[in-house]
């Protein structure tokens, strides 16, 4: 249906009956969802062309939250970019910090003390718990639960954010990791607080699953919806829980074995259908694995310096060269590619945003589904516009 | 009491008449539904509660929806109805049809012996009505049921073909 | 109105005595007029405040379920104490009155104004036949139940008018969805109460309540909900009532995640509040009718509790049902449009028809005693559980909890 | 059986509803204006300048206008103008002080990098978050008078941090005094004893820079 038809709708002169009728007789109907639609996660717009209820074409429009992050990175010192990485995926600032710190350490060949590696693993797994709990809450909110799972998810998220606040000073904008270690050494009672939270998290997950996983309406709404084939997922560069939901065994913690992950025993859940239900279940099972990692890491954390003594804070000039550091963020493989020319500012500062790349195949998953499904499929991709638009 | 009767009669006839005159189909459909309400009021006034509520339930509840959906979805109602200029032939045929209908109705009215004195209307309870329906009039009830189902299936088939042919010539 | 026996406890006769005291001296035609006006006034007052506090109860219960207190800050106009947010409904009322009422320029002014009025009118006139107490039936109609559902059926008209008059693509689409939902759940709603009329033998609400009098073995009341077909009918009725009043698992028309506010998109100010008032009145009326048909109307559950006035029992049951509605809203997600209609046509309607047959079997075999009584119950139960399980399996064919594998480490 | 998952869900919501009345874990809202949540010690909001004592804040500012924080601040929201004359700082050494020290609080994202890079512990993170103003521009451009807060306030909000900083400064001061005493004693011994060879003189005349680990780095050339 051409745009002219659309404009005829609003024509003041045309008689009411005729103008609106065009919509109905089997013609395509163009609906714009967003950027202020209540169900898109942030400023993200989908122009959906409908034939009746089923989606014929879906054009995602984003860039509303573009803040020119990468060009800014080129004009700030290496340390100066660290607080900006919190603003990328604002639901998981600790993993963003770690990925950036890892990349710069690889660039400058900077060793990291043992205790800092353990603290980084603990904080990354806490962030994974926080992110997956939030995702489950938002996804159920899109399915129509009037806020109950979301509020339970936020109740648990607040506990984790309190831990981050008592450690780094800010709930979401932690700016905690440095090149060669961490800024503040977690005190003994902070570690006890983290242990108490980890022990209590299993009970919360059980209650959350009894409310949702067996729920017939949720199963009916999400099973078989937004199916993603492993081949398409691999060729589109999808990573993270979305990829593992299609059955591809690719988890950077096992593949790269960065940090001290090889010391911990944990499993990687895989799905078979690659639909919305699988993506939700994979994240819940990953949370249970994160609890295992956390309890092992909290038990085995060694004493020692939190920061490599020879690490230079200011006037940090890595030697010329390039490096790509990547970690398994809650949304997928988040990586930083840096080219240094010896000056205090990086020559090129590039980020591999997982939710942006996972979003590129939104249309393939939505074709043939209804409008209500498109909302859930978008929810299951787990995007955060800070990272999508950078 | 006949003041109420007169008021209901005026209401029903007025809404039916205006319904015919209006350009906007939706408004006329809604006025038609108002006249059905008037009809139900007549039944109530006559003391037949069951028939009145059945009338409201069936007509205002369901058939009004069918009418409104039909008005919305049929393609013909979209173009402005090209009303040809009033030719003599059309006027004559309209008069003829009107006259025949009037004659038939008049004969039926005068043939039935109207009781002049308004006897107390017999209050039939719903149970007797049910017994009557299931007893002597059972055949009529079943035939009406069959007709409605056939009409429903016809509508579905029409809608299906309507959708099919609209697929070919859609842009 | 059955004659008021002098032996009934004072509280039982109180409403009648009060009314007769007030209108006793008027000549006959005027007394009837004033009595009915009083009845209308009382219904509007009682259920108006029930609506107001129901919105507050909904928000507070939803809050408490979600581990937060719910609204508790609105102070009364001149006193500063903020006790439990009881003034919240009045604050909402004032807010909706003072909000600007925007009507789109292209909208059909007449229909746009008429839609909420018609919707609220039909929702309120359904209260005329619900027996609130032993002598508290506003209008004694021979075909009371049919009147109730005839008025209920007319609300679809108002939804269409709202969607159509707003001249907005979203609201027209949503109006179509709402109509499809209302119509497809009208059938199970009607089929759910036909067995009650079949067993009670009358369409009049008061007779249905009297048919549920008495207790078996001294403590089990003769309410229809305690018979197998009655319980199935009650569940189908409640599910269909949820859909008719656009409540939780079926609140598709107002689904924020799809079409903004459905057919209410172009309404604001008091008209918007009228729509919600109509929805709540519809919910109260439907649960009132569910109580009359299945839960023994204003009857006390146990013989020795008869001294509590009948209207108190009706109120208690009504509160319990409404809290159930709110509880369901706090828990369930929303069904998709095609699942919603498939659930109605392929699951509820067949079950309701089988339930009709089951009730016929029940009433034909009412004279069986002793061992035959057990067979009667067994057959009746099988007639319910069997189709439920078979059709349930077919309905949720491709849907089951899954077992997940782990990568070989 | 169809519907069993739904019933379990109802059970969970009922448990939470009942729990919210007696179990504090199930009613997590703190009603803010009446009940204020206790902030963790590490909580940080906007920076403030530390002055030694409350009586004369402008006189005893620790800041020596070395402008390191101005360069390192990622959003560049700090503006400093050096003073022309010098004044003695806590350890008696003559230091510059900031004539103008503005922080544009609407730009600052309280990332505390200025605190990290400040060699003189002159700027610390505040914990006061109730600073909403109706004035968008001048109201949010805090000058040094608005920024300066006494060391006692610093002890109040960050006790462990403040104690550690004071310990270090006191050690520094003691080391500076001993060196000054040692230098004075050496000069006195020099005056009393006959003139030794000038080379030795050059050795002891090294400027009495504080030798402690946290040596204040001279401003970098960049």
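The values are calculated or read from the model by the stated rules, or taken from the named source; none is laboratory data. The shown structure was predicted, so the numbers you read here are calculated from the model rather than taken from an experiment. Methodologically, a virtual Cβ is constructed for each residue, glycine included, from the backbone with ideal geometry; neighbour enumeration extends over all protein chains shown.
Before moving on, here are some points about what is shown:
- Filtered residues of region B:72-95 (kept if closer than 28 Å to residue B:34 by Cβ and at pLDDT below 80): B:72, B:73, B:74, B:75, B:76, B:77, B:78, B:79, B:80, B:81, B:83
- Checking residue A:137 against (1) more than 22 Å from the chain's Cα centre (by Cα); (2) part of a helix (DSSP H, G or I), the condition it does not meet: (1)
- Flag if residue C:335 is assigned by TED's automatic domain parsing to the domain that holds residue C:174 and either assigned to a helix (DSSP H, G or I) or on the phi > 0 side of the Ramachandran plot (or both): no
- When residue A:88 is tested against (1) part of a helix (DSSP H, G or I); (2) buried (at least 24 other Cβ atoms within 10 Å of the Cβ); (3) more than 13 Å from chain D (Cβ to nearest Cβ), exactly one condition is not met: (1).
- Across region C:131-154, the qualifying residues are those that are more than 14 Å from chain B (Cβ to nearest Cβ) and under 21 Å from residue C:278 (Cα atoms), and the one among them that is surrounded by the fewest Cβ atoms within 10 Å (Cβ to Cβ) is C:138.
- Checking residue A:278 against (1) buried (at least 22 other Cβ atoms within 10 Å of the Cβ); (2) without any contact (Cβ under 8 Å) to a residue 12 or more places away in the chain, the condition it does not meet: (2)
- Filtering A:63, A:147 for residues that are away from chain C (no Cβ under 14 Å) and on the phi > 0 side of the Ramachandran plot leaves a single hit, A:63.
- Boolean, residue A:120 is within 14 Å of chain C (Cβ to nearest Cβ) and in contact (Cβ under 8 Å) with a residue 12 or more places away in the chain: no
- Checked against (1) surrounded by fewer than 22 Cβ atoms within 10 Å (Cβ to Cβ); (2) more than 30 Å from residue C:15 (Cβ to Cβ); (3) at pLDDT 90 or above, residue C:128 meets all criteria but (2).
- Residue count for region C:325-339, restricted to those that are within 16 Å of residue C:281 (Cα to Cα) and without any contact (Cβ under 8 Å) to a residue 12 or more places away in the chain: 0.
- Test: residue in region A:337-346 that is closer than 30 Å to residue A:59 by Cα and touching a helix residue (DSSP H, G or I) at 6+ places or on another chain (Cβ under 9 Å): yes
- Single condition residue A:154 does not satisfy, out of (1) touching a helix residue (DSSP H, G or I) at 6+ places or on another chain (Cβ under 9 Å); (2) free of Cβ contacts under 8 Å to residues at least 24 places away in the same chain; (3) closer than 21 Å to residue D:42 by Cα: (3)
- Hits in region C:290-311 - residues which are in contact (Cβ under 8 Å) with a residue 12 or more places away in the chain and either under 18 Å from the mean Cα position of the chain (by Cα) or assigned to a helix (DSSP H, G or I) (or both): C:290, C:291, C:292, C:293, C:294, C:295, C:296, C:297, C:298, C:303, C:310, C:311
- Hey, residue A:174 in contact (Cβ under 8 Å) with a residue 12 or more places away in the chain and more than 10 Å from chain D (Cβ to nearest Cβ) or not: no
- Subset of region A:160-213 [farther than 15 Å from residue A:124 by Cα and assigned to a loop (DSSP other than H, G, I, E, B)]: A:169, A:170, A:179, A:180, A:183, A:184, A:185, A:187, A:213
- Verdict on residue C:192 being within 20 Å of the chain's Cα centre (by Cα), assigned by TED's automatic domain parsing to the domain that holds residue C:104 and either in a helix (DSSP H, G or I) or farther than 30 Å from residue B:27 by Cβ (or both): yes
- Residue C:201 being within 14 Å of chain B (Cβ to nearest Cβ), at positive phi and surrounded by fewer than 20 Cβ atoms within 10 Å (Cβ to Cβ): yes
- None of C:377, C:345 is under 30 Å from residue A:370 (Cα atoms) and assigned by TED's automatic domain parsing to the domain that holds residue C:247 except C:345.
- Test: residue in region D:151-173 that is at positive phi and in contact with a strand residue (DSSP E or B) (Cβ under 7 Å, 6 or more places away or on another chain): no
- Options A:244, A:227, A:253, A:263; residue that is within 15 Å of residue A:281 (Cα to Cα), more than 14 Å from chain D (Cβ to nearest Cβ) and surrounded by fewer than 22 Cβ atoms within 10 Å (Cβ to Cβ): A:227
- Any chance residue A:355 is more than 14 Å from chain C (Cβ to nearest Cβ), buried (at least 20 other Cβ atoms within 10 Å of the Cβ) and more than 24 Å from the chain's Cα centre (by Cα): no
Condition check ((1) part of a helix (DSSP H, G or I); (2) out of contact with any helix residue (DSSP H, G or I) (no Cβ under 7 Å at 6 or more places or on another chain); (3) crowded, with 23+ Cβ neighbours inside 10 Å) across all residues:
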residue	(1), (2), (3)
C:181	yes, no, yes
C:207	yes, no, no
C:213	no, yes, no
C:233	yes, no, yes
C:249	yes, no, no
C:263	yes, no, yes
C:273	yes, no, no
C:288	yes, no, yes
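- Screening residue C:225 against (1) in a helix (DSSP H, G or I); (2) closer than 29 Å to residue C:120 by Cα leaves a single unmet condition, (2).
- When residues of region A:67-83 are limited to those that are under 19 Å from the mean Cα position of the chain (by Cα) and within 17 Å of residue A:313 (Cα to Cα), the one farthest from the other protein chains (Cβ to nearest Cβ): A:82
- Search result, residues across region A:347-373 that are modelled with pLDDT under 90 and in contact with a helix residue (DSSP H, G or I) (Cβ under 6 Å, 6 or more places away or on another chain): A:371, A:372
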